[in-house]
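Step one of this worksheet: look at the structure below.
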């Protein structure tokens, strides 16, 4: 047990620390914490034309979302779209960025240039990315159409963002392109913690390329892998907003109306703040569930390489 | 598998081919969209409206008029009336919007460094009541989607007459970026031996002097990395900016370029050029300071 | 026909030559130690034998087949890495079994072989543990078991004991020696070991032959006994043996029917072997460096036949021996003597230089003048 002197010191340090932390905590609480609580309270209220009617309708907003025939189908559709988008995007990002990281892990002359190139999509702002791909997908003069036409793969120019079957894929492709570099760097960092001698030992043990990857590299990369999955899922649920905003605005029809877009629409196009806030709470819940599932399901005993040092 | 596989030299050759092809494919994948938008931005509007597009434009198609418009507002005189009409008013706003974005991002970076540094240091060095929970709580705020708090934010700002101000955005962005900055710096400090600071205390330095003369110089790479991330996050931000700004007093480049791209009759070349100009600040920043960016991206594994 | 042959093996890294035209013949069933200081090229040589490094020049021949271009996994060699490189995410069992699993051995056979290998090194109870749950010595044994189950043609070990503490190291040394002996007597695969170390004690105790290397080249290839008794040059004489050989610069000259070594106005009888060396050099008098091992110096109180006067600087009791730092004129000498001697610091004593224990080296070429073979 700590002596009285030690306890006094502890309390003094605590007071001192909080004095230092005060400005930062104030920022975060004022601009995030307070609005968050307020948001929860909004979800329980009724809003017409952006103005509170003063009626506290408790859980009606939530029920409407889940059951009301004018709202619920939209909501469930947005869930489907969101999940589809998230699953495909996260898988694509993880697989591609892992591949790129493995490539960059081989030390060869071009690997540094490759690293520099990878910084570019990361640095480009979301909306700018959307604008770039909007131009590439352009149904009249876009370069994607142009390329396919030139190569003789299509007979005529077609639209991507106007086609309900293709629109989501267009967004996925643009999204994946931007977010691969970040994960690639994370994977690369993880790969670099595996000492070369483990690979050499596997080589001496006659493990082929695939066996080495699946039985050595991947298991040792598990902690990083989890982290990338969690981060990418959080991103996928939110960061597509700029793309949807510019490229499809949720359409055509409801083909690309993700939950994030629906919230935006409900809140600012239709000014149904109460409903929007309720949906936002659902979105946050979904995120929390995903993260929890990952941390529990993918977290068996981790055997890090740090366990044995020479 | 192939006849090369059974010898070291064969294997080496196969690997070289593989990495070469792989690198080319990846490089093409990454650079193609960027290259295309740059090439497009230098082409005359008429050239951009042709099928198929000009992948490698010859000099007769090239022009600087799009960039000219962005920077000076002069519509190219040799263009047809129809094309002139495409240079909509909103096209002139790109430059002021970028300036807004940069100003906001700079202030946000300043706040992050000034507040985040002592905070990260405190979390790393001091044992105090609630150290871990408060830190985790700070990190948890990053998990919140902007959408969740945008509604109350709008209402609140409206009440305080802070809609459409740069100040409001600086405040919000600081709140968003601080937790991450503090996280990076905390991790960085934990990797610097505390003995340096202890020696400084023995040499008579008080809290601020230790911070100024010892801690900051030692943590420079981490500070730069955190600053870069804060800047880029603030520069890129879209959701809050879209909702909370109305006029050019505070509109940032994300908002303007999104609006520009949706304009039904906007000049494509202008859009391309605007996109290029918008992406220049963060891209240049990342390239020049790439050492720090890469370090920051991989810092958690130290 | 030798079992493993290195012909003119050279390895050049950008900016530096690691191994310089090395020629080495390894016999079947021998325990060859590559000994040398850091950076002498011994680990690089080992890795080239394994196939993990590709030689710049030269050939590697195993049982009369040129394996210079054969990938490591097809050379039928097992390697114990310096940092062990145990797979941290696999159990001990799977670590040992990995190779067998990769070549498609049936599960029953794998189980039998792993258990037997584990038994040989004494880790049967640890099979379900993970590497980070084991002590340093236990991990060592897992690495050994991993190599053993493969019954390879050659065992390659890269400073396997360097991360262990002194006592453990001594214990493992004996176990390795026993292991080698058992393998040699057991089966057809005779247990050929190539062992890299910078520790000359390990080399002397474990090796059937020692290949002493320095700066990428082979200095001497001989049995431990030979390297110790007849070191080829100054480097060999000082590197092997601890504390290292005493060296004195002076002049070797003919005097009457015998040879005499003179330095700083003192003389020591050098003996008939030195005379032969003089004869070979064709001179009456040549500059030379005298070498004598600390344990060969006898310290007595009164004058004796081949003795010189010396002053005692320090006395360090080492338990089973006594280490004395002595001074003769300008020279400092180290002697290992009987622990019962009563000399103290500041005493004046006599040091006996037995002619049979003397070595002479050419100051320029550093070669041992007493050796008759090239």
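Just so it is clear, none of the values below were taken in a lab; they were calculated from the coordinates. Just so it is clear, the model here is predicted, and its values are computed rather than measured. Neighbour counts are summed over all protein chains in view; Cβ atoms, including those assigned to glycine, are modelled from backbone coordinates with ideal geometry.
For chain A, rounded, prolate or oblate, judged on the Cα gyration tensor with a ≥ b ≥ c (square roots of eigenvalues), a/c < 1.5 rounded, else prolate if a/b > b/c?
oblate
Using helices alone, what [θ] at 222 nm do you get for chain A, with -39,500 (n - 2.57) per DSSP H run of 4 or more residues, divided over all residues and rounded to the nearest 500?
So the calculated ellipticity at 222 nm is -21000 deg cm²/dmol.
Compute the angle between helix C:107-121 and the longest alpha-carbon principal axis of chain C, please, reported from 0 to 90 degrees and rounded to the nearest 10.
The angle comes out near 20 degrees.
Need one number for region B:213-271: average projected area of the convex hull over its C-alpha atoms, nm².
On the way: hull surface 25.5 nm².
The Cα convex hull of region B:213-271, projected and averaged over all directions, gives 6.4 nm².
In square nanometres, what is the average projected area of the Cα convex hull of region B:126-189?
Approximately 5.6 nm², given one-decimal rounding.
Percent of alpha carbon pairs in region A:177-266 separated by more than 19 Å?
57 percent
Could you work out, residue by residue across A:267-275, how many beta carbons of other chains sit within 10 Å of that residue's beta carbon, and then give the average as an integer?
The per-residue average across the peptide is 2.
Between the helical axis of B:94-125 and the dominant principal axis of chain B, each derived from Cα atoms, what acute angle in degrees is found, rounded to the nearest 10?
Around 20 degrees separate the two axes.
Taking a temperature of 20 °C and a viscosity of 1.002 mPa s, what whole-number D in µm²/s does Stokes-Einstein yield for region C:4-239 with Rh from Kirkwood over alpha carbon pairs? Provide the component values of the computation, followed by the final result.
Values: Rh = 18.3 Å.
For these conditions, the coefficient is 117 µm²/s.
Taking every DSSP beta bridge with both residues inside the protein assembly as shown, roughly what % is antiparallel (nearest 5)?
Antiparallel bridges: around 80 percent, rounded to the nearest 5.
Can you tell me how region A:20-126 classifies by the Cα gyration tensor, rounded, prolate or oblate, using a/c under 1.5 as the rounded cut? Don't skip to the end; give the middle numbers.
Working: a/c = 4.01, a/b = 1.77, b/c = 2.27.
It comes out oblate by the Cα gyration axes.
How big is the protein assembly as shown along each principal axis, measuring the range of its Cα positions in Å and listing the largest first?
The principal-axis extents, from largest down, are 122, 78, 65 Å.
For peptide C:306-319, how many partner chain Cβ atoms fall within 10 Å of a residue's Cβ, on average?
If you average over the peptide's residues, the count of other-chain Cβ atoms is 0.
Over the Cα atoms of region B:8-84, what Rg and Dmax result, in angstrom?
19.9, 68
Distance between the C-alpha centers of region C:290-356 and region A:197-235? Whole Å please.
Measuring centre to centre over Cα atoms gives 61 Å.
Ignoring everything except DSSP H segments at least 4 long, calculate the 222 nm mean residue ellipticity for chain C; use -39,500 (n - 2.57) per segment, divide by total residues, nearest 500. It would help to have the intermediate numbers written out before the result.
Numbers: 9 runs with 98 residues, N = 374.
Per the formula, -8000 deg cm²/dmol.
When N is the residue count of region B:91-301, what does its C-alpha Rg come to as a fraction of 2.2 N^0.38 Å?
In units of the globular-protein estimate, region B:91-301 measures up at 1.16.
Compute the distribution of all C-alpha to C-alpha distances in region A:81-136, in bins of 10 Å from 0, and list the percent of pairs in each, rounded to whole numbers.
Whole-percent P(r) values from 0 Å outward: 19, 36, 35, 9, 0.
With the calculation restricted to Cα positions, what are the radius of gyration and Dmax of region C:1-105 in angstrom?
Cα only, region C:1-105: 15.4, 45 Å (Rg, Dmax).
Given axes a ≥ b ≥ c from the Cα gyration tensor, I'd like to know whether region C:246-361 is rounded (a/c under 1.5), prolate (a/b larger than b/c) or oblate.
prolate
Just tell me how shielded C:73-86 is by partners: mean number of partner chain Cβ atoms within 10 Å of each residue's Cβ, no decimals. Can you show the working numbers first?
Numbers: counts 7, 4, 1, 1, 1, 3, 6, 2, 8, 2, 7, 5, 13, 6.
The shielding value for this peptide is 5.
So how tilted is helix B:131-140 from the main axis of chain B? Cα-based, degrees 0 to 90, rounded to 10.
10 degrees
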